[in-house]
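Undergrad: What follows is a structure written as structure tokens; I'll ask about it next.
A short reminder: the numbers here are calculations on the coordinates, not readings from a lab. None of these values were measured; they are calculated from a predicted model. Glycine also receives a Cβ, built like all others from the backbone with ideal geometry; neighbour counts cover every protein chain displayed.
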């Protein structure tokens, strides 16, 4: 018998992409560090996740990620009403990476557990991130081929 486990999160933050690691020389030594914007975002996502998640999922997982952005204020009401897909920067893969890295150690031990993934970025009425993590064997994830 396969027990299905699921974590669903709604994170009321503007999606922020994972920044590239930076290097600096301090005390004569080169160090690599995470950009401040990325670190703050990942810390905030982790805070929301800790409030909502009781237990980590183990084994192979499926991740479903939805990134919602408020349309620019300069857009007309008509253009805002017609907006759906967010086909501009930030890149979807960098958005995924920042969220999955933030959830590591809270929703799952390591993001290497994620075997399947479905992601989207679109315009919405609020900035938010909706995350669903399913244990392997869950019926909810539909693949298209």
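Undergrad: Taking the DSSP beta bridges in the chain as the whole, what percent of them are antiparallel, to the nearest 5?
TA: 65 percent
Undergrad: Next question. Using a simple spin-label model with points 7 Å from Cα along the Cα→Cβ vector, what separation in nm is obtained for residue 120 and residue 5?
TA: Placing both labels 7 Å along Cα→Cβ, they lie 2.8 nm apart.
Undergrad: Related question: What number, in percent, do you get for the relative contact order of the chain if the mean sequence gap of Cα pairs under 8 Å and at least 6 apart is divided by its residue count?
TA: It comes to 43 percent, rounded to a whole number.
Undergrad: Can you give me the three principal axis dimensions of the stretch 1-86 from its C-alpha atoms, in Å, biggest first?
TA: If we take the Cα atoms of the stretch 1-86, the spans are 55, 53, 22 Å.
Undergrad: Right, another one. Which entry in [x] 114; [y] 98; [z] 149 matches volume of the Cα convex hull per residue in Å³ derived from the coordinates of this structure?
TA: [z]
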